[in-house]
Amino acid sequence: MKYRSRTDIAAAMLEIALDGAIKTKIMYKAFLSFPQLKEYLTVLEEKGLLDFISTDHEYRTTDKGRNFLKMYKDVGQMIFPSSVGKKK
C-alpha cells in the first residue's frame, strides 16, 4: 500500500461517513489502527467536519465536511484528471 497524506486519510474517513458509520466501519474501510482512528476522529470533530450522533452511535460527515470533500476531489481532478474518483 502506498503512503497516504493526512489529508488523504481525512478525506477517506469523511467519504466513509457520508451516510453515517460506526467507528469500526471507519477504521476498517480507511485501513487505520485504533489509535490512528481516535486521533483523526478527534481532529475531524474539532474542525467541524464530522459529527457524532449519539442516538445512532455513529459518525456523520457534516456540510462543512462535504464541502471539504468536494474541494479535495476538485484539486485532485486538476492535478491528476484521469485518476481521481476511480477505484483502484
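So how many residues does the stretch 28-60 have that are out of contact with any strand residue (DSSP E or B) (no Cβ under 6 Å at 6 or more places or on another chain) and within 11 Å of Met13 (Cα to Cα)?
Here the count works out to 9.
Check the stretch 77-86 and report whether any residue there is at pLDDT below 95, hydrophobic (A, V, I, L, M, F, W, C) and assigned to a helix (DSSP H, G or I).
Checked the stretch 77-86: at least one residue is at pLDDT below 95, hydrophobic (A, V, I, L, M, F, W, C) and assigned to a helix (DSSP H, G or I).
Give the stretch 1-29 a look and list any residue that's among the β-branched types (Val, Ile, Thr) and either more than 11 Å from the chain's Cα centre (by Cα) or within 15 Å of Val43 (Cα to Cα) (or both), or say none.
Result: Thr7, Ile9, Ile22, Thr24, Ile26.
With the structure loaded, tell me whether Gly65 is at pLDDT 95 or above, on the phi < 0 side of the Ramachandran plot and either surrounded by fewer than 11 Cβ atoms within 10 Å (Cβ to Cβ) or not aliphatic (A, V, I, L, M) (or both) or whether it fails that test.
The answer is yes for Gly65.
Inspect the stretch 81-88 for any residue being among the basic types (Lys, Arg), surrounded by 14 or more Cβ atoms within 10 Å (Cβ to Cβ) and over 11 Å from the mean Cα position of the chain (by Cα) and give the result as yes or no.
Checking the stretch 81-88: not a single residue is among the basic types (Lys, Arg), surrounded by 14 or more Cβ atoms within 10 Å (Cβ to Cβ) and over 11 Å from the mean Cα position of the chain (by Cα).
Please go through the stretch 13-60 and pick out each residue that is among the small types (Gly, Ala, Ser), surrounded by fewer than 19 Cβ atoms within 10 Å (Cβ to Cβ) and free of Cβ contacts under 8 Å to residues at least 40 places away in the same chain.
Selection gives Ser33, Gly48, Ser54.
The values are calculated or read from the model by the stated rules, or taken from the named source; none is laboratory data. Quick caveat, the model's predicted, so the values are computed rather than measured. Every residue, glycine among them, receives a Cβ derived from its backbone with ideal geometry; neighbour counts consider all protein chains shown.
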